[in-house]
């Protein structure tokens, strides 16, 4: 398990002005698995109330720091009053950071054989949302030595498992101990660190830049900009205003069900408690505009009147928005749909506690969405006010998770409503299936009540929820961009894949699934010796072991050659044997350590460009891909008109895209299983994983196509979804031949073929 340690330093002035906000925000939002240590100087901690869950160390007890402070006391930014103050030559000020960072780093190296990461965090920062250890490790990619943003180095991470990184920190500390720092133009730590990084990079150090820390931290750079924050005092009162920009939308899977409910019951007016940022109002309006030209909405929320107490009482963890910001967003939406679609969106917002602002509505609205609070008192009141609405949807019906966890009884307001109708068979009530997890444990669902006898029952398909995987890059975008830049230098321009004309040759793609029939592959090759075999890296050693020499091996993984793959196999072991005739197709997003490793082993290297959102220009990414045209970032270095190969989330799916680009139109698929060979053990079933902005979820789970169940993972399921889309895509013009019985993708293949056997409507009518 990789350890992560955060370190900072502060004095009394920083503590009073900014650092107490940092400490409070870390206490509220930082994963306890991440250790935090703060060095203090010229500060009496006893005079302040600060979180006691962190480690505090007196910087004055670091002998090297005290020695430096005495020897170089004149270098205070004024040279003892002889110059106007210049912080760039205030060696004393910046030495606090250097000695705090290096003291903690060396202490970790001394204590542990595998020290993990030490992360410097400036004391004038603020953690504005939940930050888990997985979030941190996502920002610290495997194989990197140092991770930071040179434009704003308030966050700098050092991999202490790398000797070069420890040496770098030693040199940084030495520059101050020896007084070498005063020989340079600037004496602050960022300047010295950048000089050292330039030298170490020239000798192979992996330094990665990233902006991901801005997703979690605000950096005040001295005086806080509280317009960005919702900071409250010890009484829970807001002491600084919220931003007039709305928070980003959150779209859990169950909210897709709202649209389907609206498609079924076609409400033209909706009342909602818990408007939040207005995103759900827009979602409902867009759905309504599919069947009506007019939609009316009324929303209730506390908006900026929310407090720590109300968050706790109502079990709320989302950030807050001002009513002005939401009003502006909905006005802009109303204007847009009026001008561009000739649709009318009418809305009204009400600020305050619904127990005071919401009154009985009669049947004034076609549908009600109750999601503004979870306390029994609030839910009971809100439901009573909308109880006569034809369709009522209540958010947050809680159920236990696998660990028998669920939110406290006091938050189960919707559950109480559901139970209250237990004996009333006249009331049609439903709880829609959902896999949305709750922070702290449990699952959350939508509850639906139908009051109008004329309304049909909930459609059957709404009570079956497909598992949808939203894949993402396994390393930060900046890491991928760095990989591309380096691979463009390593691979010659004349060895890059481009577009080729269509032809009649056949190909085989071998993925890593357990169903691969090597004898069948040999049979095909004996009958058609010209058939090309393309494989993923996990299949490569198995093919060689079975006497099959692949024509090509496709590589996509952006992670270092060192370490293990997601299948638990050491990546280097996949390339123990290199067949000289095999062409290794290296995506430019592949970690350069893989490219260099294969080159050292005299492999035949060919390059290709995998399309990824990391390539796109920031402005271009804000809009959807139109006419298959995207704008590539100028700083990546891809040549104009470079061929970008799509296909899916994994190398096997990209192999399909590559062969299609090469002109192949008949492709045999082997090992495209996407399910486990055997049911996972009870211990394996307890394993969890999570992504950014998600709670931990089971690593292994069961899905079914019709009746047959299959055990799979999120990664495999993402590939299965890609396969399903590919099988249904008539535009590709590929004749797929699928091999593999009793597999998840095999069942999806059968479904796709069944669709092909259905008669064309013209054939039907011509036959009559």
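When you restrict to C-alpha pairs under 8 Å that are six or more residues apart and normalise by the size of segment 477-671, the relative contact order lands at 34 percent.
Take the Cα of residue 346, step 7 Å toward its Cβ, do the same at residue 573, and the gap between the two points is 6.8 nm. Measuring nothing but how far apart in sequence close Cα pairs (under 8 Å, 6+ apart) lie, relative to its length, the chain scores a relative contact order of 8 percent. Stretching residue 256 away from residue 687 to a fully extended chain increases their span by 152.4 nm, per 0.36 nm per residue minus the current alpha-carbon distance. Debye calculation, C-alpha points only, no solvent: report log10 I(q)/I(0) for segment 477-671 at q = 0.11, 0.15, 0.17 Å⁻¹, in the same order as the q values. Each listed q corresponds, in turn, to -0.50, -0.92, -1.17. Protection proxy ranking of 32-40, 639-647, by the mean of other Cβ atoms within 10 Å over each peptide's residues and highest first, is 32-40, 639-647. Pairwise Cα separations in segment 4-228 fall into 10 Å bins from 0 onward with the following percentages, short to long: 7, 33, 39, 18, 2. In this rough spin-label picture, where each label sits 7 Å from Cα along the Cβ direction, the residue 290-residue 70 distance is 7.6 nm.
Label separation (residue 741 vs residue 409): 5.6 nm, computed from points 7 Å beyond Cα along the C-beta direction. For residue 549 and residue 452, the difference between the fully extended length at 0.36 nm per residue and the C-alpha to C-alpha distance is 28.2 nm.
Prolate is the label for segment 348-405, because a/c, from the alpha-carbon gyration tensor with a ≥ b ≥ c as root eigenvalues, is 1.5 or above and a/b exceeds b/c. Sorting the segments 698-705, 530-537 by their residues' average number of neighbouring beta-carbon atoms within 10 angstrom, most packed first, yields 530-537, 698-705. Ranked by the mean number of other Cβ atoms within 10 Å per residue, highest first, peptides 279-285, 94-100 order as 94-100, 279-285. Rounded, prolate or oblate for the chain? Axes are the square roots of the Cα gyration tensor eigenvalues, ordered a ≥ b ≥ c, and the cut-off for rounded is a/c under 1.5. It is oblate, given that a/c is not under 1.5 and a/b is not larger than b/c. On the basis of the beta-carbon distance and an R0 of 56 Å, residue 424 and residue 90 show a calculated FRET efficiency of 0.15. Applying 1/(1 + (r/R0)^6) with r as the Cβ-Cβ distance of residue 114 and residue 564 and R0 = 25 angstrom yields a FRET efficiency of 0.95. Between residue 79 and residue 11, the contour length at 0.36 nm per residue exceeds the alpha carbon distance by 22.4 nm.
Here's the picture: a label point sits 7 Å out from the Cα of residue 185 along the beta-carbon direction, and within segment 84-108 the residues with their amide nitrogen under 19 Å of it are 86-91.
Computed from the coordinates by the stated procedures, all read-outs in this text should not be read as laboratory data. Computed from a predicted model, the values in this text were never measured in an experiment. Note: ideal-geometry Cβ built from the backbone for every residue, glycine included; neighbour counts use all protein chains shown.
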